[in-house]
Amino acid sequence: MKRGRKTNEANSSSSEDTADKESKRHKVTDEKTTAVQSPDWANLLQDIILQVFQYLPLLDRAHASQVCRSWNQVFHMPDLWRCFEFELNQPATSYLRATHPELIKQIIKRHSNHLQYVSFKVVDSSKESAEAACDILSQLVNCSLKTLGLISTARPSFMDLPKSHFISALTVVFVNSKSLSSLKIDDTPVDDPSLKVLVANNSDTLKLLKMSSCPHVSPAGILCVADQCHGLRELALNYHLLSDELLLALSSEKHVRLEHLRIDVVSENPGQTQFHTIQKSSWDAFIKHSPKVNLVMYFFLYEEEFDPFFRYEIPVTHLYFGRSVSKDVLGRVGMTCPRLVELVVCANGLRPLDEELIRIAERCKFLSAVGLGECEVSCSAFVEFVKMCGGRLSQLSIMEEVLIPDQKYSLEQIHWEVSKHLGRVWFPDMMPTW
């Protein structure tokens, strides 16, 4: 019995030892499996982390940089700071997002020499936000920017600043950049002397200049830019800066072919703004030099101020009428704008535009986009217009209220008829899409 008991105890002990060994073996195996399955994020190649960081919003990127030392090193790599948008507002008066002040300090301290493509977005109308933008600009003494954009989503913003403060900050960038290719400074107090500084330091590289609503710039100031910056391809300005001399300068043999010219024709007070006339010969020289240029004109005038315009042929390709425009002016558009590609009329009045639309369809052979707002057109005339333009009308945005039913077509019938001539399904819009 004793021998049997000892044998049983021995067998039991042996079984326990075997179970312990098996348990330890499984534990080691599980640990190895876990080690294989759990990647070491800190040892990822920095090139891979960099690719991921480039798709992250700035705040998420900042949070990720706190994971480990390796990720923090990637966060400060120059490639991540070449392009940056400073968003500025006053937290006390705005709920909109803004770049944190501490981050701005860090960027200026560690990354100002890496910045190349920079924009400042003032998302409120406060003078303080515009001043903050100027303060940052004035500290960018070690950078060589390629593009700079000053964007104010609400006025007055930059225009509310002391002119000397703004010019001083902007001049810092003009002097230190040396390779600026794109400059967007709409609605700012930039002036002629600061443009001369721009030209003196960046004439060989400047390709795009947008400066609509800059009241301190004269025709002579913008002419200086055109005379010296022969690589300029895109230009946006107000009509008061446009001159025969400017068009001829842009048409010189030294100058590259302009690709895009935008002109804002704006009047704030009816009858108080005098608009000059550009000679046809200047337009002819301009279009001969740049035959493929997109000439975009935005009109915000009162009806009595249109007299100097559309009296002879002009090479405009895109026309936008932001205020009410008369039947007479639209009739002249059909006679004088053979290169017209896009036409948007926000308002006209209560007199139908049947004849005017037909004339535009007859003479504007490149017309491919039309938008009509508060106007009136008979259904028959509209169908005829679409039939004459045919499938080239890639964009046709017409408010339903514009179309007046007549004896030939009702509102229910016109959608089928227009769709047939366009070669695609078309419906009138319930609200403006331009």
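Some observations on this one:
- Residues of the stretch 381-409 that are hydroxyl-bearing (S, T, Y) and over 18 Å from P352 (Cβ atoms): S394, S397.
- Set side by side, the residues E374, E417, E362, E384 differ, and just one is at pLDDT below 90, in the same structural domain as Y320 (by the TED database) and either open to solvent by less than 70 Å² (accessible area, probe 1.4 Å) or not β-branched (V, I, T) (or both), which is E374.
- Check on A62, modelled with pLDDT under 80, within 30 Å of S119 (Cβ to Cβ) and either out of contact with any Phe, Trp or Tyr (no Cβ under 9 Å at 6 or more places or on another chain) or not in a loop (DSSP other than H, G, I, E, B) (or both): no
- Taken over the stretch 98-130, the criterion of being part of a helix (DSSP H, G or I) and either open to solvent by less than 60 Å² (accessible area, probe 1.4 Å) or touching a strand residue (DSSP E or B) at 6+ places or on another chain (Cβ under 7 Å) (or both) is satisfied by L103, I104, I107, I108, S129, A130.
- Listed by first and then second residue, the pairs with beta-carbon distance under 8 Å, at least 6 apart or on different chains, first residue in the stretch 170-181 and more than 10 Å from L145 (Cβ to Cβ), second β-branched (V, I, T) and assigned to a helix (DSSP H, G or I), are T171/V197; V175/V197.
- Note on the stretch 273-323: residues that are farther than 28 Å from A347 by Cβ and either under 21 Å from the mean Cα position of the chain (by Cα) or outside the structural domain of P338 (by the TED database) (or both) amount to 1.
The values are calculated or read from the model by the stated rules, or taken from the named source; none is laboratory data. Not measured: the values here are computed from a predicted model. Heads up, the Cβs are rebuilt from the backbone with ideal geometry, glycines too, and the neighbour counts pull from every protein chain shown. The area values use the complete protein model at the heavy-atom level, side chains included, leaving out ligands, DNA and RNA. Shrake-Rupley method; radii C 1.70, N 1.55, O 1.52, S 1.80 Å.
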